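Laboratory data are not the source of any read-out in this text; all were calculated from the coordinates shown. Remember, predicted model here, so these are calculated numbers, not experimental data. Methodologically, a virtual Cβ is constructed for each residue, glycine included, from the backbone with ideal geometry; neighbour enumeration extends over all protein chains shown.
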Amino acid sequence: MRSTLKVLVAVLAVVILSTSCVEKSKKYQQLMAEKDALLIENQNIENEYNNALGIISDVENNLQALREAEGLIMMNSENTSKRDQLNAELIQIKEAMAYNNARLDSLTTALEKTNRTNKELRSTIKRLQGQIEEKTKEIEALQIQIDEKNTQIAGLNTQVENLNANIEQVTATNASQSQTIAEQIVEMNTIYYIAATKKELKENGILNSKYILTQEVPTNLFTKADKRDINEISVEAKKATILSNHPIDSYTIVKQDTTIILQITNPDKFWSVTRYLVISTK
């Protein structure tokens, strides 16, 4: 029994010594170093893959948000009051597309440097880049449409401004003409009359030395009126005589106590010869 135990102890000692020698050998240390390197590389690959998936997820989310924003812009593309805002939003979307595309390019470059192939990952990147390119073209086309509409609107605004200027000019001309016509109508219907003794008429230069009406009558001494508003003239006198020239069949003279009433029966005919009525009173 003791002999067997001694043998086992001897064998175990040999195994331990052998293991210790193996662990200290260069081959073993090299293998362990390669193992550690493979573990680190595997971790790096896993990190890169997760990072790539994160970038792809971000890009896909951004594309979805950009699609929704683009939809809102298309809905408001006919709203002329928001064209500047829409154009600014399109520029932001275009910049976001370029940023996402740059991230995908960086990811593609990183994958090429690793000398590893991942068909599914590369296919996803290519698909997203294709979508970005397509959307970028759509945005550029939409920007061109907005620019064209802005040009059309600017031209229409210029036409409207010119039309408004013409309208204002025509309105001003019409107003001036209307005022001139109104003044002419007032002037055409303006008449003058005076009632006084011959002596007073002569002293005021209305009659000359021969008691004939002068050529230039001092209108400031006359009463001014509109022939359309006056149908009779009353004079406080015992007797009244019309000295100015008026058709006899266009008026009548009525006496009431100490008042003489001149009734104009046909105004247009009465004032057709002269606009000045001179009545001599006694």
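Overview of results
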quantity: Label-zone membership for segment 124-141, site THR108, 7 angstrom Cα→C-beta point, backbone N under 18 Å; calculated: 124-137
quantity: Unsatisfied cross-links (Cα-Cα over 25 Å) in the set LYS202/LYS269; LYS198/LYS255; LYS94/LYS119; LYS198/LYS224; LYS198/LYS238; calculated: LYS202/LYS269; LYS94/LYS119
quantity: Evaluated at q = 0.14, 0.24 Å⁻¹: base-10 log I(q)/I(0), Debye formula over Cα of segment 190-281; calculated: -0.47, -1.36
quantity: Extended-chain gain in nm, criterion 0.36 nm per residue less alpha-carbon gap, LYS238 and GLN159; calculated: 21.1 nm
quantity: Exposure proxy ranking, count of Cβ atoms within 10 Å, fewest first, for SER280, SER250, SER272; calculated: SER272, SER250, SER280
quantity: Gyration tensor verdict on segment 141-203 (Cα atoms; rounded if a/c is under 1.5, prolate if a/b is larger than b/c, oblate otherwise); calculated: prolate
quantity: Dipole magnitude of segment 169-272, debye to nearest 20 (Cβ charges: Lys/Arg +1, Asp/Glu -1, about Cα centre); calculated: 440 debye
